[in-house]
Structures are given as structure tokens and as C-alpha cells.
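Please read the structure below before turning to the comments.
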Amino acid sequence: MFYDHNAVVMDLTSKRQRALSCRYSTGGGNPRLMYAPVKEEVEWDEPRIIRYHDIISDSETEILKNISRPQLSRSETTRGVSKTRTAQGVFLEEDTIVVAPISQRIADITGLSMDSAEELYVQNYGIGGRYEPHYDEWDNENGRIATFLIYMSDVEIGGATVFPEVGIALKPKKGSAVFWYNLHKNGNVDLYTEHAGCPVLRGNKWVANKWICEFGQEFRRPCSLSYGE
């Protein structure tokens, strides 16, 4: 399946336009961000999809790439190797020189605990590399409550992250990251978070995923008994 990497948002009403804003964020008053706030851009309001700009440096991306290259292997889906996901990836341990600071940065920005999060997963998509529509949540016991997707390269043509249910496409921008919740506060999957990685048509796409899990978030993102939350 192919998606137009130049797709634009649908149903962009004046109310929705007002909801799509930019600001400097301190992660809810995190001390480490008070004097160095991050650039936050709301890409979509429901579900809330946020892009953070300049959250990883060129030197950090190069270190991650250099660590990852010798270890890359075919990325899998929940059903194993599949034609629906054509990329190579590797999970990096937290004690590597650059991974721990990045995980701490993600915790500061999102306000979520990284104690039960998965290790940082670095992926490379070559020409034609893609990931067809899917949900990140798959484990009912300790599900992926949220996704923090870091773009480690620009892509000349293609490679956008698209959300078909809401009709938006996010172009990779080196140094930026996109964040969204996969689950509602009541624990149900947010069906609007289905997303895909468009085929890379020209260039090379490097990303790093931090999948944040439910355990340890009870007081950081309290659950709700409401069906709609």
C-alpha cells in the first residue's frame, strides 16, 4: 500500500486550526527544562500528535547510527518477518554512552516513567523501505501506552509517517521527534493512532523508537472510567 508523502490534513476547520499551535514546553515544569525548554508543535489535536524540534543533536544521531550499523537485522512484526515491514533495526541497551541521556530527555519531555519502557529501537529504511498500517499497542498486560519516534535523518522523497484515520502525513525532519498516546486513559486502544511509514523513494531513513509501557504510569497518567477518555 502506498501513501502520498505530500498528503495534507483533512477537515481542517477554524476550530482545529486554533488547536494546532507551537510553543516552548517545559514538560509540565520539569527542572531540567525550565532554562532550556523544548520546541513543541501540535501536529494534530485528536488524537494529540506532537512534534518536538531539535531534541537530538547531529553528533548523537551519528553515534547511534555507528553503534547500530554492525548489529542491524530485519525488523519483524508480531507475526515475525513480513513484507509489510521492510526495514532493519536493533534494540540498544540503556547503558550505552548516548542512549541513557536520550531516555532521560524523553522522560523529561513527556513526564512519563521509562522504568518499564522498551529499549531504544533504531531502524534504517533503504530505498523502498516501508511499514504498512499498524498499531504500536499489542501487549494487553503491559501495553505500549505511548510512542516517541525520533527522526535521525531527512528523507529526500517519501518516508513520511502517515495516520490514515485522520488523514495527516508527517515528513521526517532530522533532529525532531513525534509523540502520541496509543491508549486512551481507560486503557482501550485509540483506533485513530493507526499509522504507517511511507516507502522511501529517494534517500535513506533513520529513526529511533522509544515505546513507553503502561507499568509505572499510574500516577503520571491516571486511568479513567469514562469510555471516551
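The values are calculated or read from the model by the stated rules, or taken from the named source; none is laboratory data. Note that the coordinates shown come from a computational prediction; the quantities given were computed from them, not determined experimentally. Because the Cβ atoms are built from the backbone with ideal geometry, glycine has one as well, and the counts that use them run over all protein chains shown.
Looking at region 132-147, can you tell me whether even one residue there is assigned to a loop (DSSP other than H, G, I, E, B), among the polar types (S, T, N, Q) and without any contact (Cβ under 8 Å) to a residue 12 or more places away in the chain? I'd like the intermediate steps shown before the answer.
We begin by selecting, within region 132-147, every residue assigned to a loop (DSSP other than H, G, I, E, B); these are 135-143.
Of the ones still in play, those that are also among the polar types (S, T, N, Q) are 140, 142.
Applying the additional criterion that residues be without any contact (Cβ under 8 Å) to a residue 12 or more places away in the chain yields 140.
Checked region 132-147: at least one residue is assigned to a loop (DSSP other than H, G, I, E, B), among the polar types (S, T, N, Q) and without any contact (Cβ under 8 Å) to a residue 12 or more places away in the chain.
For Gly216, the test of being more than 12 Å from the chain's Cα centre (by Cα) and more than 19 Å from Met114 (Cβ to Cβ) is failed.
Going through (1) small (Gly, Ala, Ser); (2) loosely packed, with under 13 Cβ neighbours inside 10 Å; (3) within 18 Å of Ala146 (Cβ to Cβ) one by one, Gly216 falls short only on (2).
Let's see how each residue does on (1) loosely packed, with under 10 Cβ neighbours inside 10 Å; (2) touching a helix residue (DSSP H, G or I) at 6+ places or on another chain (Cβ under 7 Å); (3) at pLDDT below 90; (4) assigned to a helix (DSSP H, G or I):
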| site | (1), (2), (3), (4) |
| --- | --- |
| Phe2 | no, no, yes, no |
| Val9 | no, no, yes, no |
| Arg18 | yes, no, yes, yes |
| Glu43 | no, no, no, no |
| Pro47 | no, yes, no, no |
| Arg51 | no, no, no, no |
| Ile56 | no, yes, no, no |
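Annotation note: of Val166, Val207, Val178, the sole residue that is in a loop (DSSP other than H, G, I, E, B) and of a type in the set (A, V, I, L, M, F, W, C) is Val166. For region 148-163, a residue qualifies if it is part of a strand (DSSP E or B), in contact with a Ser or Thr (Cβ under 8 Å, 6 or more places away or on another chain) and either surrounded by fewer than 21 Cβ atoms within 10 Å (Cβ to Cβ) or hydroxyl-bearing (Ser, Thr, Tyr) (or both), and exactly one does: Tyr151.
Within the option set Asp190, Asp154, being in contact (Cβ under 8 Å) with a residue 60 or more places away in the chain and among the acidic types (Asp, Glu) holds for one residue only, Asp190.
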